[in-house]
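Q: One structure follows; several queries about it will come next.
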Amino acid sequence: MSVAPIVEFSGRVDCRRDGRAPLGLILSGHTAHHPQELVRLSFAGAAPEDLPQTLDDAAVARVSEASFCITSGARSWMIRARAAHLHREVAREFYQALPALPDRWTQRLFWRIVFVLAVSSVGRWLLGARSRR
């Protein structure tokens with residue numbers, strides 16, 4: 001049976017375990033298809049005992065309703081988990097897509113006045129008097 005992977009990592013993958021939390025294992029690394037993209041895959045189940053702290057070029061696939069297979073090189077580990085949660089870090093791409101908003105003219109005027117006041121001793125006194133209140 002051929003199973004398509006949920007995620008394919010490229011390079012180092014950090015494996016964080018927490019036996020007490022609802023998410024017993026969290027894999028963090030960059031994807032093979034988008035190397036600039038950071039991905040976290042969290043499992044709602046206990047981590048395998050022999051899973052190392054880091055993996056290289058790992059892939060994760062769902063093999064049944066409640067089990068997943070983690071492969072790295074020639075090794076593989078099975079994890080029993082109720083669910084897996086995939087989080088892709090897309091903040092950089094999101095903010096690059098937003099157009100830059102120009103500063104309002106009132107905001108630019110305010111900062112010009114503040115800077116003009118800051119260069120004179122009377123202006124510094126006025127700015128300091130405001131902060132002493």
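No lab work stands behind these numbers, since they all come straight from the coordinates. All values derive from a computational prediction rather than experimental measurement. In this analysis, Cβ positions are derived from the backbone assuming ideal geometry, glycine residues included, and neighbour counts consider all displayed protein chains.
Q: Mind giving me the FRET efficiency for VAL63 and VAL90? R0 is 35 Å, r the Cβ-Cβ distance, nearest 0.05 is fine. Don't skip to the answer; put the middle values down first.
A: On the way: r = 28 Å, r/R0 = 0.79.
Calculated value: 0.80.
Q: Can you tell me the FRET efficiency between TRP111 and HIS34 if r is taken as the Cβ-Cβ distance and R0 is 35 Å, rounded to the nearest 0.05? Walk me through the intermediate numbers first.
A: Numbers: r = 39 Å, r/R0 = 1.11.
Plugging the Cβ-Cβ distance into 1/(1 + (r/R0)^6) gives 0.35.
Q: While we're here: Which of the following values of volume of the Cα convex hull per residue in Å³ was calculated from the structure shown: [x] 216; [y] 123; [z] 104?
A: Matching the structure shown: [x].
Q: Choose one of TYR95, ALA118, VAL63: the residue whose Cα lies farthest towards the positive end of the charge dipole of the chain (beta-carbon charges +1 Lys, Arg; -1 Asp, Glu; about the Cα centre).
A: So the residue we want is ALA118.
Q: To continue, here is another question. I need the Debye-formula profile for the range 24-89: one equal scatterer per C-alpha, no solvent, reported as log10 I(q)/I(0) at q = 0.18, 0.27 1/Å, two decimals.
A: -0.64, -1.37
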